Amino acid sequence: MKQLALAIMGALALSQGARAAIIYDLQSVTPTGSNFTYTYDAILSTDQKVATQFNSSFATIIDFGVLISSALSNVVGGATYTVSTSLVGPSAVNQAPADNPNILNVTVTANAGSSVIGSGARIYTVALVSPSGPTTHLVTQDAQATKNAPGDPSNNTAAGNTVQIEGPFGSASVPEPASMVLLGSGLLGVAGILKKFLKA
């Protein structure tokens, strides 16, 4: 009975792992002038596909921080992609990752008409330039692709995953309300000092 339970748990673990969509693998962090380039290979699981006629496919690094520039290379034929930033989202199906609304996310989205079958290999390389580096820490990556399981009822349904990858220490791109209050208070103080100085 114990062996049966272990076998079932192992099968469940494998099936959970098989649902992974697009996962970034950090290749390098290199200085670029006073900034740093984070280069990632995007790996598409063997049981997934980029098939925009069924579902959107994207990979987001949550709370990446300021993005100075980006470049895509090694793009597998059959797909094109766009890099964008946003303070919140997008979130993959059945995923709810924590997301600081004051720190920019970086998303690579497959454009309409894109179609690639997963092979467990790289589907593109993305280079993201950040002012933060070279030290990395764990950040959240959220991604969505389409299930590739011909003959299975789940075929062509959206599949999502959330994992931890290495990335920069993201910094707030929008001042927090408390910071704005402190700044306003400081400016009022300076104005008061100037007023006294000018009266004297």
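The values are calculated or read from the model by the stated rules, or taken from the named source; none is laboratory data. Predicted model only: the values in this text are computed from it and were never measured. Note that each Cβ is placed from the backbone with ideal geometry, even for glycine, and that neighbours are counted across all protein chains shown.
Looking only at the range 148-163, filter to residues that are exposed (fewer than 14 other Cβ atoms within 10 Å of the Cβ) and free of Cβ contacts under 8 Å to residues at least 40 places away in the same chain; which one of those is farthest from the chain's Cα centre (by Cα)? Can you show your working first?
Of all residues in the range 148-163, those exposed (fewer than 14 other Cβ atoms within 10 Å of the Cβ) come to 150-154, 157.
Still in the running and free of Cβ contacts under 8 Å to residues at least 40 places away in the same chain: 150-154.
Values: Pro150: 28, Gly151: 31, Asp152: 29, Pro153: 29, Ser154: 25 Å.
For the range 148-163, the residue satisfying everything is Gly151.
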field: Any pair with Cβ under 6 angstrom, 6 or more apart, that starts in the range 11-32 at a residue that is over 24 Å from Val50 (Cβ atoms) and ends at one that is outside any helix (DSSP H, G or I) and at pLDDT below 95
entry: Val29/Gly133; Val29/Pro134
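Phe54 - would you say it is in contact (Cβ under 8 Å) with a residue 60 or more places away in the chain, part of a loop (DSSP other than H, G, I, E, B), closer than 15 Å to Val129 by Cα and of a type outside the set (D, E, K, R)? So that I can check it myself, show each step before the final result.
Numbers: in contact (Cβ under 8 Å) with a residue 60 or more places away in the chain: yes; part of a loop (DSSP other than H, G, I, E, B): yes; closer than 15 Å to Val129 by Cα: no; of a type outside the set (D, E, K, R): yes.
No.
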Leading residue by the ranking (nearest to Ala96 (Cα to Cα)) among those in the range 164-187 that are surrounded by 15 or more Cβ atoms within 10 Å (Cβ to Cβ) and modelled with pLDDT of 95 or more: Ile165
field: Residues of the range 58-106 satisfying the condition of being among the hydrophobic types (A, V, I, L, M, F, W, C) and part of a strand (DSSP E or B)
entry: Phe58, Ala59, Ile61, Ile62, Ala71, Leu72, Val83, Val106
query: Where residues in the range 44-67 are surrounded by fewer than 22 Cβ atoms within 10 Å (Cβ to Cβ) and of a type in the set (Val, Ile, Thr), which of them is nearest to Thr157 (Cα to Cα)?
result: Thr52
- prompt: Would a scan of the range 27-40 turn up a residue that is in a strand (DSSP E or B), modelled with pLDDT of 95 or more, within 21 Å of Gly133 (Cα to Cα) and within 12 Å of the chain's Cα centre (by Cα)?
  reply: yes
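Take Asn161 and decide whether it is out of contact with any Phe, Trp or Tyr (no Cβ under 9 Å at 6 or more places or on another chain) and part of a loop (DSSP other than H, G, I, E, B).
Numbers: out of contact with any Phe, Trp or Tyr (no Cβ under 9 Å at 6 or more places or on another chain): yes; part of a loop (DSSP other than H, G, I, E, B): no.
Judged against the criteria, Asn161 is not a match.
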message: Any residue that is at positive phi, among the charged types (D, E, K, R) and surrounded by 15 or more Cβ atoms within 10 Å (Cβ to Cβ) - is there at least one of those in the range 78-99?
response: no
message: Can you pull out every residue in the range 107-119 that is assigned to a strand (DSSP E or B), polar (S, T, N, Q) and over 22 Å from Val29 (Cα atoms)?
response: Thr109, Ser115
- line: Restricted to the range 120-136 and to residues being in a loop (DSSP other than H, G, I, E, B), touching a residue at least 60 places away in the same chain (Cβ under 8 Å) and of a type in the set (S, T, N, Q), the residue surrounded by the most Cβ atoms within 10 Å (Cβ to Cβ) is Ser132
